[in-house]
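Structure first, commentary second.
The values are calculated or read from the model by the stated rules, or taken from the named source; none is laboratory data. Not measured: the values here are computed from a predicted model. Ideal geometry is used to build each Cβ from the backbone, glycine not excepted, and the neighbour counts take in all protein chains shown. Accessible surface is based on the protein model in full, side chains and every heavy atom, while ligands, DNA and RNA are left aside. Shrake-Rupley method; radii C 1.70, N 1.55, O 1.52, S 1.80 Å.
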Amino acid sequence: LLIPASIVGIIVFGYGVATVDTNIPSLEMCDERLNFTMCPLCDGACDYWHLSTACGTARASHLFDNPATVFFAIFMSLWGKVSGLHESVYVFVYKGDERRQVG
């Protein structure tokens with residue numbers, strides 16, 4: 001029952017891999033010629049740093065956080081609702097030492 005959902009997830013991840021080299025925010029962060037200097041991360045002991053040092057993090061975040069993940073989130077919420085309607089779901093309610101089955 002989860003195989004179609006996992007296939008869609010792999011396709012969404014593949015979209016992230018295919019588009020990581022065209023992602024404009026990642027390209028700007030990784031371009032050392034732009035030379036964005038960032039403020040220190042802490043008071044006193046930290047130095048100024050260049051935004052291009054976060055290039056790997058920006059590229060990796062695009063793999064899992066790209067425009068297709070919005071579609072995947074909506075797909076998974078609908079998939080969970082539809083698949084939950086076809087299966088019997090049991091909820092157990094505890095009251096003290098007594099356990100009752102509801103549903």
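Entry comment: accessible area of the range 32-82 is 78 Å² per residue, from protein heavy atoms only and a probe of 1.4 Å. The charge dipole of the range 1-71, taken about its Cα centre with unit charges on the Cβ atoms of Lys, Arg (+1), Asp and Glu (-1) only, comes to about 260 debye. Between Asp65 and Leu41, the modelled labels are 1.6 nm apart [label points 7 Å from Cα along Cα→Cβ].
Across the range 24-36, computed HN-Hα scalar couplings (Karplus, 6.51 cos²θ - 1.76 cosθ + 1.60, θ = phi - 60°) run 4, x, 5, 5, 5, 5, 8, 7, 6, 5, 6, 6, 6 Hz from first to last residue, x flagging Gly and Pro.
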